[in-house]
1. If amide H atoms are built 1.01 Å from N in the plane of the peptide, which residues on other chains or at least 5 residues away come under 5 Å of the amide H of residue 61?
2. Using label points projected 7 Å from each Cα along Cα→Cβ, tell me how many nm separate residue 192 and residue 149, to one decimal.
3. How would 6, 198, 176, 122 line up from fewest to most surrounding beta-carbon atoms within 10 angstrom?
4. Below 10 angstrom from the Cβ of residue 225, what's the summed charge of the other residues (Lys, Arg +1; Asp, Glu -1)?
5. Looking at the range 47-116, which chymotrypsin sites (Phe, Trp or Tyr not before Pro) are in a loop (DSSP not H, G, I, E or B) and have at most 16 other Cβ atoms within 10 Å?
6. Give me the net charge of residue 151's neighbourhood, meaning all other residues with Cβ under 11 Å from the Cβ of residue 151; Lys, Arg count +1, Asp, Glu -1.
7. Where in the chain lies the longest segment free of trypsin sites (Lys or Arg not before Pro) that are both loop residues by DSSP (not H, G, I, E, B) and have at most 14 other Cβ atoms within 10 Å?
8. Output wanted: per-residue J couplings in Hz (rounded whole) for the range 189-197, from phi through Karplus 6.51 cos²θ - 1.76 cosθ + 1.60, θ = phi - 60°, x for Gly and Pro.
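The numbers here are math on the coordinates, done by the rules we state, and not lab data. Keep in mind that what you see is a predicted model, and the values were worked out from it rather than measured. Here the Cβ positions follow ideal geometry from the backbone for every residue, glycine too, while neighbour counts run over all protein chains shown.
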Amino acid sequence: MLLKSIDGTVFDLPRAKVTELVKQEKSLMPELVLKNVTAQDAADLLAYLSSLQEAIVHASNFRVLGPFPNVRPEQRGQDFGPEAKAAGPDFDAKHATFGMKQIGWTRTEAKVGATGVPQLDIRKLSGEAQLPADNVLYYFAVTLDSASAQPATLHIGSDDGVQVWVNGNKVQDNKITRPLAAAQDKVKVDLKQGKNLILLKVDQGNGDSGATLSVEARANVSFGTP
Ligand SMILES: [Ca+2]
């Protein structure tokens, strides 16, 4: 019998030397899945398949408001100003904190640190404000622009506890004491098309303190500052 190898070489194999013949179910040729598909349909299919690929995006530029006292247990649940309008805080408003000092929103940049992702540094913020860094609460706000309405997962790290609002809805409340790591809490949320407002409230006991925020989503998303 004549055999043709993959490089086209033909050679003769005496029948007497064949001990067994087995039919291959699968062709050596690529399966012609795209045979009856137009170029446009094939391009659309590839675009759709790549859209199923989830991407993780990290927030690095935040609005920040704090510190507020976290000295008494009930203060963790107290609205120091932004929570009443968590879907759209007034970023020009001033709020009373330690010693009746009035503070307003400023901006801060999270820098990549030991967590491997951009991380907020609360001790540094308190140092700059010349206000306490232990037993404090901080608010952080970002916008998350989504190309379409879609489900997404927030990846939140916090030292210590954290409360989170998305478009005014409280989606997370984790009262905990822990060192900071990325993606400690994973919270499923529904994003609307366009800008979504994410408000974080981080409660700090003592020692180091900070937070990280990332989002895992399918359609294009990008973080911005409100
Ligand atoms: Ca701490």
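1. 110
2. 1.0
3. Ordered by Cβ neighbours within 10 Å, fewest first: 6, 176, 198, 122.
4. Numbers: positive: 63, 107; negative: 109.
Here the charged neighbours net out to +1.
5. Numbers: sites: 48, 62, 80, 91, 98, 105; in loops: 80, 91, 105.
For chymotrypsin sites (Phe, Trp or Tyr not before Pro) across the range 47-116 that sit outside H, G, I, E and B with at most 16 neighbouring Cβ atoms in 10 Å, the list reads 91.
6. Working: positive: 188, 218; negative: 54, 190, 216.
Summing Lys/Arg as +1 and Asp/Glu as -1 gives -1.
7. Values: sites that count: 23, 26, 35, 101, 175, 192.
The longest such stretch corresponds to 102-174.
8. Each residue of the range 189-197 in turn: 9, 10, 8, 8, 5, x, 7, 10, 9 Hz.
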